[in-house]
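S.K.: One structure follows; several queries about it will come next.
The values are calculated or read from the model by the stated rules, or taken from the named source; none is laboratory data. This one's a predicted model, so the numbers in the text were calculated from it and none came from an experiment. We place every Cβ from the backbone using ideal geometry, glycine too, and count neighbours over all the protein chains shown.
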Amino acid sequence: MCTTVNVETRHAKIVSGFKSAHRRARRKRRLPKIASVRKILSLMRQVCKICGNESENRQHMAKEMGFGLRETFEYLECGACGCVQLVQIPEEMARYYPPEYYSFQKHGRLKTFVRHKWSAFGLGRRSALGAFFSTLFAPNGSTQAIRRAGISNGARILDIGCGSGRLLLDLAYLGFTNLTGADPFIRQDLVYDNGVKVFKRPLLEMPGQFDLIMLHHSYEHMDRPAEAMVQVKRLLSPGGQIIIRIPVASSYAWREYGVNWVNLDAPRHFFLHTFRSIEILAGQAGLQVFQVVHEGNDEQFWASEQFARDIPSNDPRSLGASPIKRILHWPRIKAYKARAAELNRTGQGDLVCFHLRRAS
Ligand SMILES: [Zn+2]
């Protein structure tokens, strides 16, 4: 016992001596900080968090451009599965989700009306206004995916990472009756008059069985995707389906724009998956992908080109600043939409909806 203490004390002294010697040397010869040395060493042995590959991994430095903070973050692109991943998750992630972040915005009557028409159109309920909004913005990928799932109005639906449950409220308006949400980052559990319930719980603590489990642009924000996939399978009813909608690095936009690709969205997106990395995660959890639908839109072009010119998403010059701007620049937007549709047709779109079920 005594020997251990002595050894530890001696070890602490050696380390402390090394640190002060390093500090002195740094002052004289401008050596890098110990933290920097550690970082360099960790860079040398970076491992893909999905497939464990260590060879031919590439390093990328991406800036926060959604809110114009321009802080730089390091991403690793796996040489084997291709997954692009944030190397170190910042301690204070809340700082990168300001009140202006889209899922925190409250919608007034007009926006809610527009959303209802747009969502209904995605479900296949035709209307002139629904068609107009789907052309002006982009088709509603959430309700299109639910339509493809072909479920009944009474099916048990779980939306993971749903914020305050805006999509679930739209689905209640459109006739679905068994709607549950889970989001660990909301302030408290929410129970709405129409029966929609949203729980402030991590996936691990969610009880129940669901016929349709949806992750609409939430999976890329999760720091442990393998564990999340296992939990999703636990919550899936026999014969149930899973929808995972995410940006993918198996895309033209990542190849063309690299760190200026708008849907890299540093540092909010921890993982930019590929078909391969999703297959690996699904396989490990006992799931299989049975349908892949590309749903990239015009934003991948104009917003990425803006980032390359140092124009962030919240800049008044951005084409995303207002629907009026989109109308004023319609010929350009229309050309980008045509290119996006072509990429989707050829399997290169930057946004993808994966449909999964239990592996047989
Ligand atoms: Zn990998």
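S.K.: Which pairs do you get when a residue that is in contact (Cβ under 8 Å) with a residue 60 or more places away in the chain, found in region 277-291, comes within reach of a residue that is of a type in the set (V, I, T) and within 16 Å of the ligand (Cβ to nearest atom), reach meaning Cβ atoms under 7 angstrom, with the pair 6+ apart or on two chains?
M.R.: From region 277-291, the pairs are S277/I50; I280/I50; L281/I50; V289/I278.
S.K.: Could you look through region 260-310, keep only residues that are within 16 Å of the ligand (Cβ to nearest atom) and either among the small types (G, A, S) or touching a Lys or Arg at 6+ places or on another chain (Cβ under 6 Å) (or both), and pick out the one that is farthest from I244 (Cα to Cα)?
M.R.: G283
S.K.: Go through the residues of region 181-192 one by one and say whether even a single one is part of a loop (DSSP other than H, G, I, E, B), touching a residue at least 24 places away in the same chain (Cβ under 8 Å) and polar (S, T, N, Q).
M.R.: Within region 181-192, not a single residue is part of a loop (DSSP other than H, G, I, E, B), touching a residue at least 24 places away in the same chain (Cβ under 8 Å) and polar (S, T, N, Q).
Rundown of residues vs (1) touching a Leu at 6+ places or on another chain (Cβ under 7 Å); (2) aliphatic (A, V, I, L, M); (3) without any contact (Cβ under 8 Å) to a residue 12 or more places away in the chain; (4) outside the structural domain of K233 (by TED's automatic domain parsing), yes/no style:
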{"position": "F67", "(1), (2), (3), (4)": "no, no, no, yes"}
{"position": "C81", "(1), (2), (3), (4)": "no, no, no, yes"}
{"position": "Y97", "(1), (2), (3), (4)": "no, no, no, yes"}
{"position": "H107", "(1), (2), (3), (4)": "no, no, no, no"}
{"position": "K111", "(1), (2), (3), (4)": "no, no, yes, no"}
{"position": "K117", "(1), (2), (3), (4)": "yes, no, no, no"}
{"position": "G124", "(1), (2), (3), (4)": "no, no, no, no"}
{"position": "S127", "(1), (2), (3), (4)": "no, no, yes, no"}
{"position": "R148", "(1), (2), (3), (4)": "no, no, no, no"}
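S.K.: Next question, about the same structure. Go through region 107-165 and tell me which helices (runs of 4 or more DSSP H), entirely inside it, have 3 or more residues that are in contact with a strand residue (DSSP E or B) (Cβ under 7 Å, 6 or more places away or on another chain).
M.R.: Because the criterion is at least 3 residues that are in contact with a strand residue (DSSP E or B) (Cβ under 7 Å, 6 or more places away or on another chain), the helices (runs of 4 or more DSSP H) in region 107-165 that meet it are 141-149.
S.K.: Which one is farthest from the ligand (Cβ to nearest atom) among residues in region 60-95 that are under 16 Å from the mean Cα position of the chain (by Cα) and β-branched (V, I, T)?
M.R.: Selected residue: I89.
S.K.: Only one residue in R268, R326 is surrounded by 15 or more Cβ atoms within 10 Å (Cβ to Cβ), in the same structural domain as F210 (by TED's automatic domain parsing), modelled with pLDDT under 95 and of a type in the set (D, E, K, R). Which one?
M.R.: Testing whether each residue is surrounded by 15 or more Cβ atoms within 10 Å (Cβ to Cβ), in the same structural domain as F210 (by TED's automatic domain parsing), modelled with pLDDT under 95 and of a type in the set (D, E, K, R) leaves just R326.
S.K.: May I pose another question? When you go through R332, R317, R255, R309 one by one, which is the residue that is basic (K, R) and touching a residue at least 24 places away in the same chain (Cβ under 8 Å)?
M.R.: R332
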